[in-house]
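First comes the structure, then the notes that go with it.
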């Protein structure tokens with residue numbers, strides 16, 4: 001992947017990048033929406049995709065729905081932070097909106113797969129990675145069927161792909177097993193709160209306080225890079 005046209009400096013980004021990945025049907029989107037409803041300081045990155053909208057999905061709220069030519073233009077102009085081909089469709093994350101949100105001090109959630117997570121880490125090595133697992137393959141299949149959005153062939157393809165996707169769970173420092181939704185949501189909230197309390201994040205958000213206390217932000221960042 002080529003470098004996005006917009007340069008990214010992790011030290012200039014006040015907010016946190018939070019990557020959440022999961023196989024289809026694990027409950028990732030439901031957990032993210034519940035988290036967003038309870039935390040106004042979190043912002044959701046809106047991806048673009050070449051797939052058709054599912055029932056209830058809205059342009060600019062769930063995805064930016066584009067055709068293949070439009071997607072290729074974004075990719076060729078290096079305007080995507082990451083992109084991938086998943087289940088027969090292309091998905092990508094526009095870079096500029098994320099950088100603007102981070103520089104404004106907001107934490108940004110990216111709902112992407114493990115391939116996209118690898119690409120994002122090139123630009124945000126301190127990104128928080130969270131993987132959502134189902135309690136069993138049987139539960140995963142049941143959830144895919146209950147949502148009633150995919151054909152039988154698509155469900156079969158998603159189940160076959162789930163094993164390969166879950167094999168990359170070790171690339172994520174945090175794992176949530178979504179057996180009980182309320183428990184999983186509390187665990188997700190705890191991870192988000194913990195990432196906000198990391199030393200670098202606190203120093204970026206409270207620069208004046210640390211300066212008053214005689215703690216040098218630039219020196220601390222230099223020490224962490226050595």
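What the table shows:
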| read-out | value |
| --- | --- |
| Failed item, numbered, when residue 91 is tested on (1) over 22 Å from residue 60 (Cα atoms); (2) touching a strand residue (DSSP E or B) at 6+ places or on another chain (Cβ under 8 Å) | (1) |
| Whichever residue in segment 52-71 is part of a loop (DSSP other than H, G, I, E, B) and touching a strand residue (DSSP E or B) at 6+ places or on another chain (Cβ under 7 Å) and, among such residues, is farthest from residue 33 (Cα to Cα) | 66 |
| Test: residue 91 is under 25 Å from residue 134 (Cα atoms), out of contact with any helix residue (DSSP H, G or I) (no Cβ under 6 Å at 6 or more places or on another chain), crowded, with 22+ Cβ neighbours inside 10 Å and free of Cβ contacts under 8 Å to residues at least 60 places away in the same chain | yes |
| Candidates 119, 204, 193, 212 - the one that is out of contact with any strand residue (DSSP E or B) (no Cβ under 9 Å at 6 or more places or on another chain) and either under 14 Å from residue 26 (Cα atoms) or surrounded by 14 or more Cβ atoms within 10 Å (Cβ to Cβ) (or both) | 204 |
| Conditions (1) surrounded by 13 or more Cβ atoms within 10 Å (Cβ to Cβ); (2) at pLDDT 90 or above; (3) under 27 Å from residue 163 (Cα atoms); number of the one not met by residue 25 | (2) |
| Evaluation of residue 71 against (1) within 30 Å of residue 196 (Cα to Cα); (2) surrounded by 20 or more Cβ atoms within 10 Å (Cβ to Cβ) (one fails), failing number | (1) |
| Complete set of residues in segment 122-146 that are in contact (Cβ under 8 Å) with a residue 12 or more places away in the chain, outside any loop (DSSP other than H, G, I, E, B) and in contact with a helix residue (DSSP H, G or I) (Cβ under 9 Å, 6 or more places away or on another chain) | 123, 128, 129, 130, 131, 132, 133, 137, 140, 141, 144 |
| Residue that is closer than 25 Å to residue 82 by Cβ, out of contact with any helix residue (DSSP H, G or I) (no Cβ under 7 Å at 6 or more places or on another chain) and not in a helix (DSSP H, G or I), where the choices are 119, 149, 115, 179 | 149 |
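The values are calculated or read from the model by the stated rules, or taken from the named source; none is laboratory data. Predicted model, so just to flag it, every value in this text is computed and none were measured. Ideal geometry is used to build each Cβ from the backbone, glycine not excepted, and the neighbour counts take in all protein chains shown.
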